[in-house]
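**Student:** Structure provided below as structure tokens; questions to follow.
The values are calculated or read from the model by the stated rules, or taken from the named source; none is laboratory data. Keep in mind that what you see is a predicted model, and the values were worked out from it rather than measured. Please note: Cβ atoms are built from the backbone with ideal geometry, for glycine as well, and neighbour counts cover all protein chains shown.
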Amino acid sequence: MGPLIPTLQDAVLGELILGELIYDDRLSRWDGPSAALGVPFSLSAHTFADSGAGLQGDEAALEVDRAAFLRLEKGEGELRRQVAEAMTELAEDWRDPDADPLPLTPERVLERVKLESATIAG
């Protein structure tokens with residue numbers, strides 16, 4: 001197991017991450033901004049850092065993080081659609097008809113659902 005490294009650049013994640021991941025020893029995770037899908041969000045890629053292994057020495061955890069991030073990249077739109085469908089009834093209950101006279105539909109809710117952050121635990 002290699003020592004924890006303060007920053008990480010990865011060939012697979014690098015296409016989705018703006019810059020590099022920076023290790024936060026206090027939280028035992030890697031954080032960095034990303035622009036996957038043209039939508040900026042923060043990425044926390046957890047590893048088995050509690051055992052003293054960072055991404056440099058923990059290829060298995062890194063593979064899990066890569067796979068999860070790639071699944072997110074491929075399925076982000078479908079996940080947002082599912083959330084919009086599940087939340088439409090509740091959102092309609094909260095709607096102020098004076099401020100928003102049109103009933104909410106899954107399509108209208110989907111317009112408001114945005115990916116803001118992601119946590120990947122490997």
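**Student:** When the residues of the range 69-100 are narrowed to those that are of a type outside the set (D, E) and outside any helix (DSSP H, G or I), which ends up farthest from L115 (Cα to Cα)?
**Tutor:** Per the criteria, the residue is P97.
**Student:** Let me ask something additional. Cβ-Cβ under 9 Å, sequence separation 6+ or interchain: first residue in the range 66-79 and of a type in the set (A, V, I, L, M), partner surrounded by fewer than 13 Cβ atoms within 10 Å (Cβ to Cβ). Which pairs?
**Tutor:** Cβ pairs passing all conditions: A68/A121.
**Student:** Considering only residues that are of a type in the set (G, A, S) and more than 12 Å from the chain's Cα centre (by Cα), look in the range 66-122 and name the one that is farthest from L21 (Cα to Cα).
**Tutor:** Ranking the qualifying residues of the range 66-122, first place goes to A99.
**Student:** Between S51, S42, S34, which is within 15 Å of E116 (Cβ to Cβ), loosely packed, with under 13 Cβ neighbours inside 10 Å and modelled with pLDDT under 80?
**Tutor:** Within the list S51, S42, S34, the selection yields S42.
**Student:** Further question on the same structure: Return the residues of the range 101-122 that are surrounded by 11 or more Cβ atoms within 10 Å (Cβ to Cβ) and part of a loop (DSSP other than H, G, I, E, B); say none if nothing qualifies.
**Tutor:** L104, T105, V113, L115, G122 - these are the residues of the range 101-122 that are surrounded by 11 or more Cβ atoms within 10 Å (Cβ to Cβ) and part of a loop (DSSP other than H, G, I, E, B).
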